[in-house]
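Notes follow the structure.
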Amino acid sequence: MPELPEVETVRRQLAESLAGLRFVAVARAEPSMLIGGSAESLRAELPGRDVQDVSRIGKFLRVKLGGAAFLTLHLGMTGHFLVSQGRPDSEEYAFDSHTRFLFSLEPADRASENLGARSPSLTWLEFRDIRKFGRVQLTFGAPAERLSLLGPDAWKGEWGVGHLSRRLGGRRAPIKALLLDQAVLAGIGNIYADEILWEAEISPLRPAGALTPAELEVLAKEIPRRLQQGVDLLGCSISDFVDTEGQTGMFQQTLQAYGRQGQMCRRCGQTMRRVIVAGRGTAYCPGCQR
DNA sequence: CCCAAGTCCTGGTTGC
DNA sequence: TGCAACCAGGACTTGG
């Protein structure tokens, strides 16, 4: 599942491979994944705009485009981008049935009268997503409004233990549910939530408001630390995450909690358990996570 | 058939 | 008691 470290891995690659390019055409667009627009409006508005920046908040990517436009992207559960260089003699790009969006780009310094013409240096940007949970939104003047509803970025945002105590205080929901709440902190998903709570030795079932100041301190340290490991290892490929070159990450080799139900806890030796929290499968150690 | 799980939406509950 | 905040669960989606 693409969570913050996976999306950051993709962001870095897109920033690198799309720099200096501009959109030429929209060869494919899945209407059900488009927010606030149609495939027709995307085809009308995107071509000709150059990529100026690729940034990220939580699990959302935002591509800043010429003319004060923004392309907001979310990978959902199974989404990934593939970038490849042009095949000028082939109109039949090798997309498969899960290709939901297909864009072509060319160097932005090419003369504008050549816009849309076949280019020897075409770049293909492909958004594949088996389950169609991904989203694409084109906005003008400002990034998508949904981004303003997000809490600070869990990895790079400026927040501390004070933020946690304010947002978790008095809440009865289990701590894991609030780690997954993107309005509290943006970027944590099911895998990293289990990992962070294991590292912090806190049960995912604990009511968030019942955490002690000491526990909040541990949590505030553990969240960016474990996410940093994910970024350093180029993400977690537990299911089907791959980067824009089709490569897998390595974080899955470090998993201590996620998916380890029934196995021995590597810290205390007890058998790991699986429960449902916030509708999500949750693995934790009843021995040392309190 | 159930399970996986991102986000959004709905309807019921809680507590000030 | 009123009502906003809160919280649980369903919808969506497709392959294993």
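Being of a type in the set (D, E, K, R) and either over 22 Å from the mean Cα position of the chain (by Cα) or crowded, with 22+ Cβ neighbours inside 10 Å (or both) is the filter here; which residues of region A:156-198 pass it?
Residues of region A:156-198 that are of a type in the set (D, E, K, R), as a first pass: A:156, A:158, A:166-167, A:171-172, A:176, A:181, A:194-195.
Within region A:156-198, A:R166, A:R167, A:R171, A:R172, A:K176, A:D194, A:E195 meet the criteria.
State yes or no: is A:T244 loosely packed, with under 14 Cβ neighbours inside 10 Å, in contact with a helix residue (DSSP H, G or I) (Cβ under 7 Å, 6 or more places away or on another chain) and either in contact (Cβ under 8 Å) with a residue 12 or more places away in the chain or at positive phi (or both)?
Numbers: loosely packed, with under 14 Cβ neighbours inside 10 Å: no; in contact with a helix residue (DSSP H, G or I) (Cβ under 7 Å, 6 or more places away or on another chain): yes; either in contact (Cβ under 8 Å) with a residue 12 or more places away in the chain or at positive phi (or both): yes.
So A:T244 does not fit the description; no.
If the requirement is being part of a loop (DSSP other than H, G, I, E, B) and either closer than 30 Å to A:E245 by Cα or not assigned by TED's automatic domain parsing to the domain that holds A:H80 (or both), which of these qualifies: A:R128, A:R146, A:R172, A:R166? It would help to see each step written out before you state the result.
Details: A:R128 fails: part of a loop (DSSP other than H, G, I, E, B); A:R146 fails: part of a loop (DSSP other than H, G, I, E, B); A:R166 fails: part of a loop (DSSP other than H, G, I, E, B).
Answer to the check: A:R172.
Residues are listed down the side, and each one gets a yes or a no for (1) modelled with pLDDT of 95 or more; (2) surrounded by 18 or more Cβ atoms within 10 Å (Cβ to Cβ):
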{"position": "A:P2", "(1), (2)": "no, yes"}
{"position": "A:A15", "(1), (2)": "yes, no"}
{"position": "A:A19", "(1), (2)": "yes, no"}
{"position": "A:F23", "(1), (2)": "yes, yes"}
{"position": "A:R49", "(1), (2)": "yes, yes"}
{"position": "A:D53", "(1), (2)": "yes, no"}
{"position": "A:R56", "(1), (2)": "yes, yes"}
{"position": "A:K59", "(1), (2)": "yes, yes"}
{"position": "A:V63", "(1), (2)": "yes, yes"}
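Mind listing just one residue for me: the one in region A:243-273 that is among the hydrophobic types (A, V, I, L, M, F, W, C) and closer than 21 Å to A:I188 by Cβ and, of those, farthest from the chain's Cα centre (by Cα)? Before the answer, list the steps.
Here is the first cut: in region A:243-273, the ones among the hydrophobic types (A, V, I, L, M, F, W, C) are A:250-251, A:255, A:257, A:264-265, A:268, A:272.
Of the ones still in play, those that are also closer than 21 Å to A:I188 by Cβ are A:250-251, A:255, A:257, A:272.
Details: A:M250: 16, A:F251: 15, A:L255: 19, A:A257: 21, A:M272: 28 Å.
Ranking the qualifying residues of region A:243-273, first place goes to A:M272.
Here are A:R56, A:R22, A:R28: which of them is within 16 Å of DNA strand B (Cβ to nearest atom), at negative phi and charged (D, E, K, R)? Lay out the reasoning, then the answer.
On the way: A:R22 fails: within 16 Å of DNA strand B (Cβ to nearest atom); A:R28 fails: within 16 Å of DNA strand B (Cβ to nearest atom).
Being within 16 Å of DNA strand B (Cβ to nearest atom), at negative phi and charged (D, E, K, R) holds for just one of A:R56, A:R22, A:R28, which is A:R56.
The values are calculated or read from the model by the stated rules, or taken from the named source; none is laboratory data. Not measured: the values here are computed from a predicted model. Neighbour counts run over all protein chains shown; Cβ positions are idealised from the backbone, glycine included.
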